[in-house]
Amino acid sequence: MTTYFVPRGFRIGAVHAGLKRNPNKPDVALFVADEPAVAAGVYTQNLVFAAPVALDRSRTPTDNFRVLVVNSGNANACTGERGEQDARRMTQLAAAAVGAAHAESIDEASALVMSTGIIGHFLPMEKIESGIARAAADLGDDEAHLLLGLRGLMTTDKTQKIACREIELDGVAVRIAGLAKGAGMIGPDMATLLAVVLTDAKLSSEQAHAAIRDATNDSFNCISVDGHTSTNDTALLVASGKASGKPLSQAALGQFRQALTELCQELAKMIPDDGEGATHLIEMQVEGCANKEDAVRIARTVAASPLVKCAVAGGDPNWGRIVSAAGYAGVAFDPKKVALEINGLPIFEAGRPLPFDAKTVSTSMKENRLTRLRLVFGEGSAAARFWASDLNEEYVRFNSEYST
């Protein structure tokens with residue numbers, strides 16, 4: 001059985017405050033640093049962004065973080081000046097509640113906020129205020145509280161998205177715990193998600209920002225369900241420094257960043273795998289490009305193609321859809337140097353199809369949740385990976401009825 005843990009220096013609490021209909025589902029959560037901690041974030045690139053995104057952008061990176069308050073069930077997006085006031089009010093309430101628990105005064109500016117859920121509805125602030133107070137009264141640093149905090153992030157998710165690492169850096173055991181939510185309205189440039197990554201590593205605010213930015217580029221920015229970039233996308237890295245009072249050496253910092261990226265990739269893949277109605281996870285591997293940007297563009301384009309997604313959903317080895325999608329990605333390449341594999345089976349090479357048994361390939365797609373598509377170009381050595389969900393009737397049904 002997998003064991004999850006909270007890194008040193010953090011406590012978590014979550015309660016049902018009435019934003020979600022199901023009383024067994026938490027919808028207000030607090031992530032608390034016992035002492036001032038470093039926090040850095042990356043946010044949606046959508047020009048229409050929610051009030052919590054605007055507030056967090058103005059407060060990060062920081063070395064004075066104390067509390068993150070999260071609500072699910074309501075995005076507080078496209079809610080104008082009132083939405084901005086409500087986001088700030090949530091940070092005021094969270095700072096006051098945590099300060100009371102510590103018998104100290106905590107500056108509102110040391111609090112951050114996340115919201116997720118339906119767009120265009122005002123927050124029920126009386127319910128949220130009550131939820132914050134109750135969550136602050138029941139904070140803990142065990143696995144149960146970590147999982148409660150995760151459930152407080154979730155909306156249409158069917159599965160829990162959580163990953164933990166413990167690595168030795170400079171002779172000290174360092175912990176990293178990551179939580180994420182997301183299943184629909186997922187597109188690159190910060191996918192539609194919330195992610196909270198806690199660590200007890202000693203980082204500066206600049207190191208934390210660079211680490212979460214680069215980890216996101218190789219994980220959360222490499223996934224898609226529907227190509228729809230949300231208004232609320234936020235990924236935060238918070239570092240308490242409690243594993244050791246000493247800053248990481250350069251070698252240890254590199255090891256930390258690698259572990260962080262791997263953890264974020266693990267979380268990121270869970271999101272399209274849990275895509276609303278998804279029956280397959282697509283892994284698009286692109287190799288042999290002139291540069292990383294070209295590889296990412298091709299991988300993203302092919303993985304986002306509705307025709308490719310539908311083919312994978314039906315177990316149809318329609319390789320023409322895959323190759324032609326690469327051709328409109330806006331990247332120059334020689335089609336006569338392209339090769340394609342589906343689940344490790346050669347399909348296309350040097351500009352022409354290879355003989356293959358369609359039934360064998362189809363069966364490999366139908367019988368496995370993961371479908372691997374591999375495109376190889378003869379233009380260079382750069383590579384990229386992208387993960388996406390398939391597209392089927394259940395996705396259409398779910399999202400046609402989402403708000404009603």
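The values are calculated or read from the model by the stated rules, or taken from the named source; none is laboratory data. Model, not experiment: these values are computed from the prediction. A quick note on method: Cβ atoms are made from the backbone with ideal geometry, for glycine too, and the neighbour counts reach across all protein chains shown. Quick note on the areas: whole protein, heavy atoms, side chains included, nothing else; ligands and nucleic acids left out. Shrake-Rupley method; radii C 1.70, N 1.55, O 1.52, S 1.80 Å.
Tabulated data
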{"read-out": "Number of the condition not met by Arg88 [criteria: (1) open to solvent by 50 Å² or more (accessible area, probe 1.4 Å); (2) modelled with pLDDT under 95]", "value": "(2)"}
{"read-out": "Among (1) open to solvent by less than 20 Å² (accessible area, probe 1.4 Å); (2) touching a strand residue (DSSP E or B) at 6+ places or on another chain (Cβ under 6 Å) - the single one Tyr4 does not satisfy", "value": "(1)"}
{"read-out": "Residue list for the range 26-76, filter: basic (Lys, Arg) and more than 24 Å from Gly131 (Cα to Cα)", "value": "Arg57"}
{"read-out": "Residue match in the range 108-116 (condition: closer than 16 Å to Lys181 by Cα, open to solvent by 10 Å² or more (accessible area, probe 1.4 Å) and not in a helix (DSSP H, G or I))", "value": "yes"}
{"read-out": "Members of the range 264-286 that are within 16 Å of Gly327 (Cα to Cα) and crowded, with 20+ Cβ neighbours inside 10 Å", "value": "Met284, Val286"}
{"read-out": "Tally, over the range 351-386, of residues that are polar (S, T, N, Q), surrounded by 15 or more Cβ atoms within 10 Å (Cβ to Cβ) and touching a strand residue (DSSP E or B) at 6+ places or on another chain (Cβ under 8 Å)", "value": "2"}
{"read-out": "Tally, over the range 20-34, of residues that are open to solvent by 20 Å² or more (accessible area, probe 1.4 Å) and either in contact with a Ser or Thr (Cβ under 7 Å, 6 or more places away or on another chain) or basic (Lys, Arg) (or both)", "value": "3"}
{"read-out": "Close pairs (7 angstrom Cβ cut-off, 6 or more residues apart or separate chains): outside any helix (DSSP H, G or I) in the range 253-275, surrounded by fewer than 19 Cβ atoms within 10 Å (Cβ to Cβ) anywhere", "value": "Asp274/Lys158; Asp274/Thr159"}
{"read-out": "Of the criteria (1) of a type in the set (A, V, I, L, M); (2) open to solvent by 10 Å² or more (accessible area, probe 1.4 Å); (3) in a helix (DSSP H, G or I), which one Ile167 fails", "value": "(3)"}
{"read-out": "Any pair with Cβ under 7 angstrom, 6 or more apart, that starts in the range 4-22 at a residue that is closer than 21 Å to Asn76 by Cα and ends at one that is open to solvent by less than 30 Å² (accessible area, probe 1.4 Å) and among the charged types (D, E, K, R)", "value": "His16/Asp27; Ala17/Asp27; Leu19/Asp27; Lys20/Asp27"}
{"read-out": "Flag if Leu146 is in a helix (DSSP H, G or I) and surrounded by 20 or more Cβ atoms within 10 Å (Cβ to Cβ)", "value": "yes"}
{"read-out": "Condition check for Val323: closer than 24 Å to Asn221 by Cα, touching a residue at least 24 places away in the same chain (Cβ under 8 Å) and open to solvent by less than 30 Å² (accessible area, probe 1.4 Å)", "value": "no"}
